[in-house]
1. Kindly sort Met117, Met317, Met285 by accessible area of their heavy atoms, largest first, with the probe set to 1.4 Å.
2. Would you look at the GNM of the chain, springs on alpha carbons closer than 10 Å, and say which of Gly102, Gly94, Gly158 moves the most?
3. How large is the charge dipole for the chain, taken about the Cα centre, if only the Cβ atoms of Lys, Arg (+1) and Asp, Glu (-1) carry charge, to the nearest 20 debye?
4. Kindly rank 307-314, 231-238, 78-85 from highest to lowest mean number of other beta carbons found within 10 Å of each residue.
5. So if R0 is 41 Å, what FRET efficiency would Ala272 and Lys147 give, r being the distance between their Cβ atoms, rounded to the nearest 0.05?
6. If contacts are Cα pairs under 8 angstrom and at least 6 residues apart, what is the relative contact order of the stretch 80-143 in percent?
7. Points 7 angstrom from Cα along the Cβ direction at Met285 and Cys96: gap in nanometres?
8. Taking 0.36 nm per residue of separation and subtracting the Cα-Cα distance, what length does fully extending Asp328 through Asp55 add?
Amino acid sequence: MAQQVQGVIARAKGEPVRIETITVPDPGPGEAVVKIQACGVCHTDLHYREGGINDDFPFLLGHEAAGLVESVGEGVTEVAVGDFVILNWRAVCGQCRACQRGRPQYCFDTHNAKQKMTLADGTELSPALGIGAFAEKTLVAAGQCTKVDPAASPAAAGLLGCGVMAGIGAAINTGNVGRGDSVAVIGCGGVGNAAVVGARLAGASRIIAVDIDDKKLETAKGLGATHTVNSRSVDPIEAVRELTGGNGADVVIEAVGRPETYEQAFYARDLAGTVVLVGVPTPEMKIELPLLDVFGRGGALKSSWYGDCLPSRDFPMLIDLYQQGRLDLDAFVTETIALEDVEKAFERMHHGDVLRSVVMF
């Protein structure tokens, strides 16, 4: 029988979010209902509220979540009732050209629930990234549920559902950071600091954190940055070069998503180095680079989708590292909040006061 629960809704562009009653249907074939235990407040949710993703309002926000599988539909074998899962927004299809070529992390036809959650009056909701986890319960495709060790803290584990995985994966999966590499990370919010952690896990010898906020740089240092650069006071390109013997970094990860910081990343890398864009730009942004520089500097210019992760492979592995004390996911949880505090959390995000606010249920 369909259930009614409370969820955070964005009704129109730029309007403050509100808590409303939503209807969650019973899971159909290939679907699961998950009782949410924790959900991080991610900048992507703010993008949805501001109309920066699309205009399919109203949105049920929230996507960076962990919880317990409450019920499953026909044919579901990936998870069972009672499993502790992290939700992911790229449930691979297994059939598209990327999957068929053995590259499921690039799946071009990822699954979402077929049925729609609705408002009490029957208005269909658009769940953020196909998840919609600022709610007591949500309906997802079963493939969006990745089973992990239930001993892990839900507040910490849920962060792998988006921001922390995006940053760690940008370094390890997309950037292919290797032992002894030099890495620069431009933008030290939640994703950028996760990239710092990823670079440290991969064995980088020099990790340069770049930001305009000394508080964020101090956090990056605590997470593994060997050097910090405040780009408000110095030229970050020159600073990174100076810290890498005049050459530039082997890998530069741009975690802001702006043309000016992307250009800094482009010129702060070594010849034949790699630039990884993991910051999310807005639709109107454009960049102009001399084509001769693109050719002459060589190397690779990459975009990182979700840290190029494969949830079934990467989530359990990272939770194992967390349980062993080798990955401090707890450090990303700045505060835990109630569902009604999401709008305030957006304001704190604007001020740069938090790595992650996490809604607890």
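1. Of Met117, Met317, Met285, the descending order of accessible area is Met317, Met285, Met117.
2. Looking only at Gly102, Gly94, Gly158, the largest GNM fluctuation is found for Gly102.
3. 780
4. Working: 307-314: 21.8, 231-238: 15.1, 78-85: 17.2.
Per-residue Cβ counts within 10 Å, averaged per peptide and sorted highest first, yield 307-314, 78-85, 231-238.
5. On the way: r = 40 Å, r/R0 = 0.98.
FRET efficiency, Ala272 to Lys147: 0.55.
6. That works out to 28 percent.
7. 2.2
8. Details: separation 273, 0.36 × 273 = 98.28 nm, distance 3.65 nm.
So the chain would gain 94.6 nm between Asp328 and Asp55.
The values are calculated or read from the model by the stated rules, or taken from the named source; none is laboratory data. It should be emphasised that the depicted structure is a prediction, and the values quoted were computed from it without experimental measurement. Glycine gets a Cβ as well: all are built from the backbone with ideal geometry, and neighbour counts include every protein chain shown. Ligands, DNA and RNA are stripped out before the accessible areas are found, and what is left, the full protein with its side chains, is counted by its heavy atoms. Shrake-Rupley method; radii C 1.70, N 1.55, O 1.52, S 1.80 Å.
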